[in-house]
Amino acid sequence: MAKPIIQMENIEKHFGNIIALAGVSFDVVPGECHCLLGDNGAGKSTFIKTMSGVHKPTKGTITLDGKPMHFDSPRDAMEAGIATVFQDLAMIPLMSVTRNFFMGREPTKGRGPFKRMDIKTANDICVESMRAMGINLRGPDQAVGTLSGGERQTVAIARAVHFGAKVLILDEPTSALGVRQTSNVLATIDRVRKQGVGVVFITHNVRHSMAVGDRFTVLNRGKTLGTAERGRITAEELQDMMAGGQELASLEGSLGGTV
Amino acid sequence: MADTAQIIVDERIKKESFGSRLMQRPELGAIAGVVLVTIFFLFTADSAMFTLSGIMNFMTPAAQLGILAIGAAMLMIGGEFDLSIGSMVAFAGLIFGACVVTFGLPLIIAIPITFVFAALVGALNGAIVLRTGLPSFIVTLAFLFILRGVSLVGLKLATDGSTQLRGVRDAVEGDFLTPLFSGDAFGGLFAWLAEIGLVETFNNGAPKVPGIPVEILWFIALALAATYILLRTPYGNWIFASGGDRNAASNSGVPVRRVKISLFMLTACCAALVAIITVMDAGSTDARRGFMKEFEAIIAAVIGGCLLTGGYGSAIGAFFGAIIFGMVVIGLSYTNFDQDWFQVFLGGMLLIAVLFNNYIRKRVTGER
């Protein structure tokens, strides 16, 4: 198996007297989709925020390409090649697709006081990147607010890939989407993975994770319960691990196995 | 990736008409407003209003307000308010007056000092807002009173009990920077235009319009610079992003704190510029300088298409918003209407502008 791009070992994160993460280990190798599953409150959000530089871990080590790393800000993590697409997508509805695409990293031309945004290049790159992801924009100046949820998700992913993400963290990208949009996003994940990017797919939907995942890690009550490879675990087992076992099993019985 | 690069035409997207694309420009409302107000005064006002001297008459107050409004608009696009800019005009006026009259400093020192003080207060405003997370509305409301009070007390100290500091004109007379901040520009050109009969003259042959008041040039230059910054620089993109969604912007690597603090400083410096120009123009400064200007500036910015929630707006819009303002204030004196209708008109404009902006925002974001 390829060497991991990023490796996180025994990460702990305490907020005051609350232990949000109590020893989480996780790694990502290039070109895989590593699913991080967990129920609400399992610590998924805290964990990815630690991975993307928003929080600093209380304990534990982060190794990037074999070297220990400390992220002081999301910007640090981004520069190291770790891109995160948060649930809010970091998209601003009132701004155009291009302006969102390059937000914080605008291409410029000219020097000194005449340094300005290279709008034409930005527009071209944006339209081209979106087309590569299978979306045709009405125009690069179209406001993001007019895009559907799936399209916005795709803009955010295309943006991360364009800026050279080695690890792409997707925080519940399918949780608010319809069936068709979900399959579009899953297809996008597959495309990104084939380019050699390591994708971290966070979800609580086992079926979505089974559709694209190469490896599966379950997070429960701030701890990882181990990592399984594709084909070595069933959807039912993942579901049970997420819920912590017994209670859901009995509940599932009474609901006829539909959960 | 190439397999998906073919062009897929989505049959559900209608082609947008030119009109509806135009509707998405934030400054459209203000331009329409200028047209409406012009038509109104063409019918009701004395024809003198639209002669060259009439235009200069309403452009001068428009420019003084407009410089504030452009600063206010940029700050509003960045997602914050500054209610202290009116008081800042008085405060900066005091600093400037004290520098030139009390301490006898030349303009080349007095003007930078004034800007530095204004920028410091702006930065303080911004730092408090960002540090505490309180709404800028309330923090700058506090500074509205603090600065007004400090200006009063300071003026009394500087003048032994009076609230007016005189003698600015004598103090700046002959300074090489004076023509940049007061009087009229292009005097020679206008004298020549009068000679060849293009500009009306008084009986003694002097042109009725001696030149373009410098504040109008500052106003135009500032509007162009602000528009360029907003639409064509990375910093401009950061302003929109910071105002649109602070979290999203900072998650994308936009230095939101730096952007917002610099905007507070810029707005304060706009107020200082207005203070310098008006104090030199009047030859004195007083504690009521800039009274209520913060609201007028925000109204001009809103008429110009700025959303109260930030992230959307335009400097050119604020430019036209301020011109509407000047036309109405001055224009009513050319008509038979009671001048105090001005305030009613202003409130009405504000209400229409807010409703219109709200509608535009829904169109732009595709909300239903």
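Each value in this text was obtained by applying a stated rule to the coordinates, not by laboratory testing. Computed from a predicted structure; not experimentally measured. Positions of Cβ are backbone-derived with ideal geometry, glycine not excepted, and every protein chain shown enters the neighbour counts.
Tabulated values for the structure
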| quantity | calculated |
| --- | --- |
| Proportion of all alpha-carbon pairs of chain A beyond 32 Å (%) | 25 percent |
| Inter-chain shielding of B:103-110 (mean C-beta neighbours from other protein chains, 10 Å cut-off) | 0 |
| Partners for B:LYS156 among aspartates and glutamates (Cα-Cα distance below 12 Å; same-chain residues under 8 apart left out) | B:ASP286 |
| In degrees, nearest ten, helix A:119-132 long axis to first principal axis of chain A (Cα) | 40 degrees |
| Span-like helix ranges in chain B, DSSP H, alpha carbon extent 27 angstrom or more, Kyte mean at least -1.0 | B:52-77, B:107-132, B:136-159, B:256-282, B:341-365 |
| Percent antiparallel among DSSP beta bridges (both partners in the protein assembly as shown, rounded to 5) | 60 percent |
| Check: the protein assembly as shown dipole with +1 on Lys, Arg Cβ and -1 on Asp, Glu Cβ, in debye | 1020 debye |
| Only Lys, Arg (+1) and Asp, Glu (-1) charged, at Cβ; the range A:77-201 dipole about Cα centre in debye | 400 debye |
| Residue (of A:GLY149, A:ALA20, A:ASN100) at the positive-pole extreme of chain A, dipole from beta-carbon charges | A:ASN100 |
| Of B:LEU120, B:LEU83, B:LEU307, the one that fluctuates the most in a GNM where chain B has Cα springs shorter than 10 Å | B:LEU120 |
| Entries of A:LYS109/A:LYS194; A:LYS56/A:LYS109; A:LYS120/B:LYS260 with Cα pairs more than 30 Å apart | A:LYS109/A:LYS194; A:LYS56/A:LYS109 |
| Neighbour-count order for A:LYS109, A:LYS67, fewest beta carbons within 10 angstrom listed first | A:LYS67, A:LYS109 |
| Dipole-positive endmost among B:GLY317, B:THR278, B:GLY167 within chain B (Cβ charges, Cα centre) | B:GLY317 |
| Theoretical ellipticity at 222 nm over chain A - DSSP helices of four or more residues, -39500 (n - 2.57) apiece, nearest 500 | -10000 deg cm²/dmol |
| Computed [θ] at 222 nm, deg cm²/dmol, chain B (DSSP H ≥ 4; -39,500 (n - 2.57); rounded to nearest 500) | -22000 deg cm²/dmol |
| From phi via Karplus (6.51, -1.76, 1.60), per-residue ³J(HN,Hα) for the range A:156-161 in Hz, x at Gly/Pro | 4, 5, 4, 4, 4, 5 |
| Magnitude of the charge dipole, the range B:27-361, Cβ model with Lys/Arg +1 and Asp/Glu -1, debye to 20 | 1060 debye |
| Zero-based 20 Å bins, Cα pair distances in the protein assembly as shown, whole percents | 17, 41, 28, 12, 2, 0 |
| Chain B: relative contact order in percent, alpha carbon pairs under 8 Å with at least 6 residues between | 35 percent |
| For the range A:23-75: relative contact order, % (alpha-carbon pairs under 8 angstrom, 6 or more apart) | 25 percent |
| For chain A, built as a Gaussian network whose Cα springs stay under 10 Å, the top-fluctuating residue of A:ALA143, A:ALA165, A:ALA83 | A:ALA143 |
| Under Karplus coefficients 6.51, -1.76 and 1.60, residue-wise ³J(HN,Hα) of the range A:59-68 in Hz, glycine/proline x | 9, x, 10, 10, 10, 10, 6, x, 10, x |
| Per-residue average of Cβ from other chains inside 10 Å of A:86-93 | 6 |
| Dipole of the protein assembly as shown, positive end: most advanced residue of A:LEU36, A:LEU177, B:ALA142 [Cβ charges, Cα centre] | A:LEU36 |
| Long-range HN-HN contacts of A:THR224 with modeled amide H, under 5 Å | A:SER25 |
| Relative contact order of the range B:260-368, pairs being alpha-carbon contacts under 8 Å that are 6 or more residues apart, as % | 20 percent |
| Those lysines that a straight Cα-Cα span of less than 21 Å connects to B:LYS362, excepting residues fewer than 8 apart in one chain | B:LYS14, B:LYS15 |
| Most to least packed among B:338-348, B:132-142 [average Cβ atoms within 10 Å] | B:132-142, B:338-348 |
| Extent along principal axes [Cα atoms of the range B:27-361; Å; largest to smallest] | 66, 50, 37 |
| Residues B:THR278, A:THR203, sorted so that the one with the fewest Cβ neighbours within 10 Å comes first | B:THR278, A:THR203 |
| Sorted by Cβ neighbour density within 10 Å, fewest at the top, the residues A:MET95, A:MET69 | A:MET69, A:MET95 |
